[in-house]
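The values are calculated or read from the model by the stated rules, or taken from the named source; none is laboratory data. As the structure is a computational prediction, the values presented were derived from the model and not from experiment. Positions of Cβ are backbone-derived with ideal geometry, glycine not excepted, and every protein chain shown enters the neighbour counts.
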Amino acid sequence: HGESVRGLLRPGFHSGTVPKAFAAIRRAIAKAEATGDAPRFHKPLESLHVVEHAIQHFSERELIAYLNATEAWAATPLRFAGVRLGLQHIRIEITGAGAPAVLRLELIGSSIIGVRDDAAFLSATTADQRETWKRAVLGFFAMGAVESDDPRLDWAEWVKFWESRSAIQP
């Protein structure tokens, strides 16, 4: 889609794709209720679908592909399971063995915060899979300009980690 995560969620003149689409849908519904016509919100709905597809592509390319190229995840490959857009958040679901992992990207104030909801997912993994997962998510958040409560990983260290574990070069 070409926008940062902040650009997708934060309203502004050249950004705020997601909130603008939701606002257009609300306006179309209100207009339809006032006029008795059928609501016309196919364009903003299509805009949301384009964003969902872009997030899926980004997740598959910048997170799942890296993980699946490692020895740690070779036997239990991960796959993209879905994305849900909210007015101020993006919810990404990834499945593999066991429970799904959820990554939430939330607009809080002027910051985009990344939250991992992956305890059940990680409980069914090996120590090597957990370490690889956590580093991959840190890099994924960094690529999306997303802040996290997890300790920041130096970019050079992140690249070195992936070069030692993966056939994919960052």
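In table form, for the structure just shown:
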| item | result |
| --- | --- |
| Selection count where residues are farther than 30 Å from W133 by Cα, in a helix (DSSP H, G or I) and of a type in the set (D, E, K, R), scope the range 36-69 | 2 |
| Residues of the range 96-125 classified as surrounded by 13 or more Cβ atoms within 10 Å (Cβ to Cβ) and farther than 30 Å from P19 by Cβ, total | 6 |
| Residue satisfying all of: in the range 70-95; more than 18 Å from H49 (Cα to Cα) and in contact with a Lys or Arg (Cβ under 8 Å, 6 or more places away or on another chain); surrounded by the most Cβ atoms within 10 Å (Cβ to Cβ) among these | I94 |
| Enumeration of residues in the range 12-48 that are under 25 Å from G139 (Cα atoms) and of a type outside the set (A, V, I, L, M) | S15, G16, T17 |
| Flag if A72 is at pLDDT 90 or above and part of a strand (DSSP E or B) | no |
| Pair list, Cβ < 6 Å and 6+ apart or interchain, from the range 137-157 residues that are over 14 Å from I108 (Cβ atoms) and modelled with pLDDT under 80 to residues that are surrounded by 19 or more Cβ atoms within 10 Å (Cβ to Cβ) and among the polar types (S, T, N, Q) | none |
| Any chance P77 is out of contact with any strand residue (DSSP E or B) (no Cβ under 7 Å at 6 or more places or on another chain), over 26 Å from I113 (Cα atoms) and in contact (Cβ under 8 Å) with a residue 12 or more places away in the chain | yes |
| Within the range 35-61, tally of residues that are over 16 Å from A101 (Cα atoms) and within 15 Å of the chain's Cα centre (by Cα) | 10 |
| Residue check for L67: modelled with pLDDT of 90 or more, under 11 Å from the mean Cα position of the chain (by Cα) and either surrounded by fewer than 16 Cβ atoms within 10 Å (Cβ to Cβ) or among the aliphatic types (A, V, I, L, M) (or both) | no |
| Residue among S110, S59 that is at pLDDT below 85 and either in contact with a helix residue (DSSP H, G or I) (Cβ under 6 Å, 6 or more places away or on another chain) or not aliphatic (A, V, I, L, M) (or both) | S110 |
| Complete set of residues in the range 80-91 that are touching a residue at least 40 places away in the same chain (Cβ under 8 Å) and not in a loop (DSSP other than H, G, I, E, B) | L85, H89, I90 |
